[in-house]
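Notes to accompany the following structure.
The values are calculated or read from the model by the stated rules, or taken from the named source; none is laboratory data. Keep in mind it's a predicted model, so treat the numbers as computed, not measured. A quick note on method: Cβ atoms are made from the backbone with ideal geometry, for glycine too, and the neighbour counts reach across all protein chains shown.
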Amino acid sequence: MTRYFLSAALCKIPCGPLHTIARFERSPVRRQERVLRGLLRSATGTEVGRRFDFATLAKTPDVISAYRERVPLHVYADFRNDILRLRRGATDVLWPGTIRHFAVSSGTTSAGKIIPVSRTMLALNQRFAMGVWLNSFATTRGIWGGRLLSVPGNIEEDPDYPGTVVGEVSGLQAARAPAFIRNCYQAVPNEILLKTGWERKLDTIVERTINVDIRAAAMVPTWALVLFDKLRDRFNARGRATVSTVGEIWPNLRVFFSGGVPLRSYRPMLAAQLPGVRFVESYGASEGFFAFQDRPGDEAMLLHLDNGVFFEFVRLDERTATLPRRYTIADVEPDVPYALFVSTCSGLWAYDVGDVVRFTQCRPHRIMVVGRTSEMLDRYGEAVGGEEIREAMREACAITGARVRDFHVTARRPSDHHRPAHQWLVEFERPPGSTVKFAEALDSYLKFVNRHYRIRREARAFDAPEVCSLNRGAFIAWLLHSKKKAGAQTKVPRLCEERHVADSVLSVSETIFNESHKLA
């Protein structure tokens, strides 16, 4: 009864999570204008506020146009020195006061970035999470009776900058979860979730939850597959019964909250392990929590327009212009890929997130994340983007009946015997009957959707894709081997023209193969 009371009470709070969602759905453009004006007013006394005269901008009738004219688009390098000063204790630099929390960006193609996270942002992200949960709980029966299993990233006090906390944003948020969630609903305590080494953490979670009534789970899909493998193996090792799915171990699991990586690549495998479970995807980043899936059966996510973030968009086909046009939600169009820029209550201003989004509709505003701005294979003029690669994989799986755990695509080195081509490193959950047929399906789809690719294939300047089937566990082993600290948001880069990722993964896969044969 207590849990139902809490849920109902949160729904009735005037500025509560569900009320906030309803408010921006009614007036999306006006709400975003108010968000921007509020951000400018709050940061008037900061260094960046004085630099761009936020005091004047905040009073301008057409605040969005004035902001575009005065504040240029930024990338991380523009803020790097200021963020370093924040870590050293400087105040009133990008946002009022002192910043004590810093999120480590996932860094799929780089060493990652350190993003400041203000107390205001932490509070708003908590409200965002409650809105996602309550929206899902209101339409899904049987959740509150058991426990929630969340698997956030680790956090720690930064030894180089005493007094600050650094880690993955999911860990920063988990540390601030409401007391009733931590004490009444959470299956594993934060002492384990936020501090334990990653492999040990997963093993401990298995031990603590194997006999628990888990009703909801929240984690990155990549690591969910690893956790589920461990859970099934541990359950079956007891010898009491044999199960083939996690749904048999947690029969009352009703909803799976996903974030960190696009869910659609992993959904078939997760659905096979969790039959009948509802999947709810969120788009959260170190820079802020941006969108969530609010309708069952619709993969698109509702853009949250009142979470301390002002959104701007640049069309991909205009991105290389000297002064590209900056769009807001008032003038975006469906089915156009946009680079995402944000201004936030943590002090990032017109900042390039690095993601590409596409609107599926504009009232209300729903998006899909379709790739990274850096995702492109164009070494030989083929100009294949991340969304095309993902859709080609989905098409090949649909045609051949395969299921894929993870994959990476790179350029194959040309030689005297081979023309240029793409090499697909694939770890199959369920392999196709023929990798040749699988490669043909990839090739056919790319020729259909990409003119540059088709021309090069027809001219025989480019060979068909080469599919390399990897040993089970290769990508996870590579992540643990290549990253200094694997975490909840550590992920495999989908595309890379250079071969350093591919060669390293192939080496790890070969090691797994050799070790398995030694044991045999």
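Quick look at the numbers
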quantity: Qualifying positions in the stretch 141-154 - surrounded by 17 or more Cβ atoms within 10 Å (Cβ to Cβ) and either at positive phi or more than 18 Å from the chain's Cα centre (by Cα) (or both); calculated: Ile143, Trp144, Gly146, Arg147, Leu148, Leu149
quantity: Number of the condition not met by Arg70 [criteria: (1) more than 20 Å from Gly260 (Cα to Cα); (2) basic (Lys, Arg); (3) touching a Phe, Trp or Tyr at 6+ places or on another chain (Cβ under 6 Å); (4) touching a residue at least 40 places away in the same chain (Cβ under 8 Å)]; calculated: (4)
quantity: Subset of the stretch 324-351 (residues that are at negative phi, surrounded by fewer than 21 Cβ atoms within 10 Å (Cβ to Cβ) and in contact with a Ser or Thr (Cβ under 7 Å, 6 or more places away or on another chain)); calculated: Pro334
quantity: Qualifying position, being basic (Lys, Arg) and within 29 Å of Leu303 (Cβ to Cβ), among Arg366, Arg419, Arg412, Arg451; calculated: Arg366
quantity: Filtered residues of the stretch 268-277 (kept if in contact with a strand residue (DSSP E or B) (Cβ under 7 Å, 6 or more places away or on another chain) and free of Cβ contacts under 8 Å to residues at least 40 places away in the same chain); calculated: Leu274, Val277
quantity: Residue within the stretch 363-377 that is part of a strand (DSSP E or B), more than 30 Å from Arg30 (Cα to Cα) and among the polar types (S, T, N, Q) present; calculated: no
quantity: Helices (runs of 4 or more DSSP H) within the stretch 1-82 that include 2 or more residues at pLDDT 85 or above and hydrophobic (A, V, I, L, M, F, W, C); calculated: 28-42, 54-59, 63-70
quantity: The stretch 241-287 - residue that is aliphatic (A, V, I, L, M) and closer than 20 Å to Asp406 by Cβ and, of those, surrounded by the fewest Cβ atoms within 10 Å (Cβ to Cβ); calculated: Ala271
quantity: Whichever residue in the stretch 172-186 is modelled with pLDDT of 90 or more and surrounded by 19 or more Cβ atoms within 10 Å (Cβ to Cβ) and, among such residues, is nearest to Ser150 (Cα to Cα); calculated: Ala174
quantity: Test: Leu225 is over 29 Å from Arg295 (Cα atoms) and at pLDDT below 90; calculated: no
quantity: Residue match in the stretch 249-268 (condition: part of a loop (DSSP other than H, G, I, E, B) and among the hydroxyl-bearing types (Ser, Thr, Tyr)); calculated: yes
quantity: Among the residues listed as Cys362, Cys345, the single one being over 19 Å from Gly260 (Cβ atoms) and either in contact (Cβ under 8 Å) with a residue 60 or more places away in the chain or in contact with a Leu (Cβ under 8 Å, 6 or more places away or on another chain) (or both); calculated: Cys345
quantity: Hits in the stretch 278-330 - residues which are among the small types (Gly, Ala, Ser) and free of Cβ contacts under 8 Å to residues at least 60 places away in the same chain; calculated: Gly297, Ala321
quantity: Unmet criterion (only one of (1) closer than 28 Å to Arg127 by Cβ; (2) in contact with an Asp or Glu (Cβ under 9 Å, 6 or more places away or on another chain); (3) among the aliphatic types (A, V, I, L, M)) for Ala241; calculated: (1)
quantity: Sole residue being under 24 Å from the mean Cα position of the chain (by Cα), free of Cβ contacts under 8 Å to residues at least 60 places away in the same chain and under 19 Å from Leu202 (Cα atoms), chosen from Ala177, Ala187; calculated: Ala187
quantity: All positions within the stretch 385-410 that are assigned to a strand (DSSP E or B) and either acidic (Asp, Glu) or surrounded by fewer than 18 Cβ atoms within 10 Å (Cβ to Cβ) (or both); calculated: Arg403, Asp406
quantity: Evaluation of Glu33 against (1) of a type in the set (Asp, Glu); (2) farther than 16 Å from Phe310 by Cα; (3) surrounded by 15 or more Cβ atoms within 10 Å (Cβ to Cβ) (one fails), failing number; calculated: (2)
quantity: Count - residues of the stretch 109-156 that are modelled with pLDDT under 90 and hydroxyl-bearing (Ser, Thr, Tyr); calculated: 5
quantity: Residue count for the stretch 286-321, restricted to those that are over 26 Å from Ser136 (Cβ atoms) and either assigned to a strand (DSSP E or B) or of a type in the set (S, T, N, Q) (or both); calculated: 6
quantity: Of residues in the stretch 200-221 being out of contact with any helix residue (DSSP H, G or I) (no Cβ under 7 Å at 6 or more places or on another chain) and surrounded by fewer than 19 Cβ atoms within 10 Å (Cβ to Cβ), the one modelled with the lowest pLDDT; calculated: Arg200
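Matching residues to (1) among the aromatic types (Phe, Trp, Tyr); (2) under 26 Å from Asn135 (Cβ atoms):
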residue	(1), (2)
Asp213	no, yes
Ala217	no, yes
Trp223	yes, yes
Arg234	no, no
Ala241	no, no
Ser244	no, no
Asn252	no, yes
Gly259	no, yes
Pro262	no, yes
